[in-house]
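Written out below as structure tokens is the structure these notes cover.
The values are calculated or read from the model by the stated rules, or taken from the named source; none is laboratory data. Computed from a predicted structure; not experimentally measured. Counting neighbours? That spans all protein chains shown, and the Cβs are built from the backbone with ideal geometry, glycine included. With ligands, DNA and RNA removed, areas are computed over all heavy atoms of the protein, side chains included. Shrake-Rupley method; radii C 1.70, N 1.55, O 1.52, S 1.80 Å.
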Amino acid sequence: MQEAPVHLPSENLSDAILQQLKYGLGKDAAHATRTDWRLALSLAIRDRIVDPWFASTRTTYAKQGKRVYYLSMEFLIGRLLEDAAVNLGLMDEVTAFFDERGLDAKAVIADEPDAALGNGGLGRLAACFLESMSSLGCPAHGYGIRYEHGLFRQSFDDGRQVEAPEDWLSEPHAWEFERAEVEYRIGFGGHVAEENGQTRWYPGEAVLARAYDTPVIGWKGAWANTLRLWSARPEQIFDLSRFNAGDYYGAAHQEALARTISRVLYPDDTTDEGKRLRLKQEYFFTAASLHDILRRFDSEYDDLSLLPEKVAIQLNDTHPAIAGPELIRILHDERGLSFEQAVEIARGCLAYTNHTLLPEALERWSVGLMAHLLPRHMQIIERMDALHAEAHPDRHVRLIDHGDVHMGPLAFTTAHRVNGVSALHSELMKDTVFAELNRLHPGRIVNQTNGVTPRRWMLSANPRLSALITEAIGDGWVGDLEQLQQLEPLAEDAGFVEAFAKAKRANKADLAAYLGKEGTGVDPDAMFDVQIKRIHEYKRQHLNILQTIALWQEMKDDPKGDWVPTLKIFGGKAAPGYFFAKDIIRLINKVAEVVNRDPDTRHLLRVAYPANYNVSLAERLIPAAEVSQQISTAGKEASGTGNMKFALNGALTIGTLDGANVEIRELVGAENFFLFGMTAEEVVARRQVEGHAWQAISADPRLARALEAIRHGTFGHGFGGIVDNVSGPDYFLVSSDFTDYWRASRELDAAYRDPKAWTRKAILNVARSGWFSSDRTIRGYMADIWDAKALSVD
Ligand code: F58
């Protein structure tokens, strides 16, 4: 938004909205569009954030609090308006305002485009953390990239995923403040020179990083932090001499190159293309953030040794891991500290979160590329590598190996704490990828099991259940989610059980109406069974669809049988270059086509796959879900956070012992969780069994028949890759886990047939999920990693 509001905000929200409409947007209420109303409302609410925001900043300066900096390539924020209105307690006033004018507040809120500045769990976690840090009063900044285009928009054409660019900034963005004066020069390439015993880097090219700030208001509006996103601009707007010579394209060349850096979010690609640009993006936002952090530090302190006491920098995965070498470079080359001092101070500030053990997802950059783009950093990495090898001559960990810089080990050695995101994942980190580094640095790896913010994922997304809970136990649970435990006795209370079931039924009816508009007619009384997440082989959406096929076949054999009518819902995007995942998407859509129009079974089984899964769609789906599919191959899903949102909203999990499923099951109780499949250890052993997939298929006629139907073209053609994979190498053990998955699914059906007992289990899931609040997670980071204290505005 370019224009600052001209008038002081009115005390009264209605007046403030009308003022913003008139003076902020220049619109007359008689002619205002839905978007005008949404923007006027957003600006009026934004005005109410500014004072607590300033007060938070002043308090942090006054108390010289330690600041936390969360560096992340991704912030999957979704919509901001409702979050802000809910946290400020303004929702009733907002609804009343639009009611009075015959407008639908929900529709106005839904007019906001999602800020889709992330791919999946990692980006959404960063967004939940921002909200929790504000809710707890932890002085913090999020730092990332202001992508002009977020995650691609997905549609389906004959079942195939089609990607289109996303364009969230095409409308005015009401939440941010452009900071034209906060701009840093970020260099690339060039050469390194020795001058009077000092090393200097002379970049060959440079771009400018300009700051855009979005305030993030916490629960009850008591504290607000800042999300600062960087946008890339050219140093020189355009080449005037070329322009004057008529070379218009050439004149704009530099500008286009510079702006490309913050143009698009990387869609989690499996290919090597564009890697150079990705490394540029990583350095661009990391370097800009470090300049900013040091500028703020310098304004308060003049002793660099205080840095670890005053500054905590969290690296969200290895994407900002160049922060280690960059901070060492600044401290040593520019600020004159010894190399050893610089390393020690940098390590005191930095900590690194790992989100994956999948070898193909661990970042590495060729030495050639690194040396070309960041020659001084490459030297520093070489020196770190040599120092590490010198200190541990009998060990084999190298930061540089086979011509690549390994960002995991680099992040590990430049951080004082390294954390995994679930108990199982953190243990596996110690046993696998970081086994040797863990032996060398015992105690550096800690666990911080992920969490989700209850404000968005309960209070706003599920108003019916939230109201019911508040009526029963008061509203303290919103800021202290463990209070949900007080619901436990109510699982035995017939009135509460009935009210709970009614709320779920109403959420299902809402979703059924929405899906109906999207093209899939569904029965709100069917069992709503949901799998929503990125499409990936390890997440095994193909295991789910194979079972759906087998179930459909059995239903067709016996349409009068005692089946539980089921709606299978899928949602998720595949990386554009990930062809196997795209085949899975097409298979699901093709199965949906066949199954949904089958007159024998369409009253028993439907498949829905709404396109363009995003945060806002998740907010619709999760409150209506009854079954949560968490079926990854054990040992592969670092944590999961969707799994927590489902349990919190009263869905029962069918899942493997993977990621945080393990902790969910421990907390909600084994009897309220449908477990199946091999453990992480069994998975490793099973892969050694010659012909494991064939053995499994031969032993299970249902699986064999489902695969046969696919092979024979029941769902169209082109699925040979999937069939060959799960009957051949089957690295993710779809076939080997199928039989047990079927068993657990039928046990789940049986449980669903007893609505009271089912609802009781659902209530216990809610009552025992309080631990999965991201407030708990952030407290853990503050205590075990950041050594940061919460502050409050006096
Ligand atoms: C996810 N990682 C994990 N990565 O898969 C999930 O288990 C975990 O709950 C979540 O992080 C939060 O800890 C993830 O989302 C990405 O999206 C990468 C983004 C950059 C490119 C490679 C994938």
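Can you give the longest run of the chain that contains no GluC sites (Glu not before Pro) sitting in a DSSP loop with at most 14 other Cβ atoms inside 10 Å? With GluC sites (Glu not before Pro) excluded where exposed in loops, the chain gives 274-689 as its longest stretch. Taking a sphere under 15 Å around the Cβ of Thr520 and counting the other residues whose Cβ falls inside, with K and R at +1 and D and E at -1, yields a net charge of +2.
Which value does Rg/Rh take for the stretch 478-613 over its C-alpha atoms, Rh per Kirkwood? Write out the running numbers ahead of the final one.
On the way: Rg = 17.6 Å, Rh = 16.9 Å.
We get a ratio of 1.05 for the stretch 478-613.
Residues whose amide H falls under 5 Å from that of Asn419, counting only those 5 or more places apart or on a different chain, are Tyr352, Thr353, Asn354, Val446, with hydrogens built in the peptide plane. Note on the stretch 530-570: Cα-only Rg and Dmax are 12.2, 36 Å. Computed from backbone phi, the HN-Hα couplings of the stretch 355-372 come to 10, 7, 10, 4, x, 6, 9, 7, 6, 9, 10, 5, 4, x, 5, 4, 5, 6 Hz, rounded to whole numbers (Karplus: 6.51 cos²θ - 1.76 cosθ + 1.60, θ = phi - 60°; Gly and Pro given as x). Using a cutoff of 8 angstrom between alpha carbon atoms and counting only pairs six or more residues apart, the relative contact order for the stretch 154-223 works out to 29 percent. When the alpha carbon gyration tensor of the stretch 57-181 is reduced to an equivalent ellipsoid, the three semi-axes, largest first, read 28, 24, 13 Å. If a/c stays under 1.5 just call it rounded; otherwise compare a/b with b/c (prolate if a/b is bigger, oblate if not). Do that for the stretch 104-159, with a ≥ b ≥ c from the square roots of the Cα gyration tensor eigenvalues. Oblate shape, in that a/c is at least 1.5 and b/c is the bigger or equal ratio. Summarising the amide proton neighbourhood of Val216: residues at separation of 5 or more, or on other chains, whose placed amide H is nearer than 5 Å comprise Asn225, Thr226, Leu227. Quick one: with all protein chains in place, what share of the accessible area of the chain is carbon or sulfur, to the nearest percent (1.4 Å probe)? That share works out to 50 percent.
Placing unit charges on the Cβ atoms of the charged side chains and taking the dipole of the chain about its Cα centre, the candidate lying farthest along the positive direction among Pro172, Ser241, His388 is Pro172.
Helical content alone sets the calculated 222 nm signal of the chain at -14000 deg cm²/dmol, taking -39,500 (n - 2.57) per DSSP H segment of four or more residues and averaging over every residue.
3J(HN,Hα) along the stretch 71-88: 8, 8, 5, 9, 9, 8, 7, x, 7, 9, 4, 5, 3, 5, 5, 5, 5, 8 Hz, from the Karplus curve 6.51 cos²θ - 1.76 cosθ + 1.60 with θ = phi - 60°, whole Hz, x for Gly and Pro.
In the chain, Cα pairs under 8 Å separated by at least six residues give a relative contact order of 14 percent.
Write down Rg/Rh for the chain, rounded to two decimals, with Rg from the C-alpha atoms and Rh from the Kirkwood relation over Cα pairs. Walk me through the intermediate numbers first.
Values: Rg = 26.9 Å, Rh = 27.8 Å.
With Rg and the Kirkwood Rh in hand, the quotient comes to 0.97.
For the stretch 435-445, putting each phi into the Karplus relation 6.51 cos²θ - 1.76 cosθ + 1.60 with θ = phi - 60° gives couplings of 4, 6, 5, 5, 5, 6, 10, x, x, 6, 7 Hz, in residue order, rounded to whole numbers and with x for Gly and Pro.
Using Cα-Cα distances under 8 Å and only pairs 6 or more residues apart, what relative contact order does the stretch 1-99 have, in percent?
Values: 54 pairs, mean separation 23.9, N = 99.
Contact order relative to length: 24 percent.
Going by accessible area, probe 1.4 Å, with all protein chains left in place, what is the ranking of His149, His402, largest first?
On the way: His149 35, His402 175 Å².
The ordering from most to least exposed comes out as His402, His149.
Keeping all protein chains in place, calculate the accessible area per residue for the chain (probe 1.4 angstrom), answer in Å².
38
Going by average Cβ density within 10 Å per residue, which order do the peptides 392-401, 109-118 take, highest to lowest? Could the numbers behind the result be given before it?
Numbers: 392-401: 13.9, 109-118: 22.3.
Descending mean neighbour count gives 109-118, 392-401.
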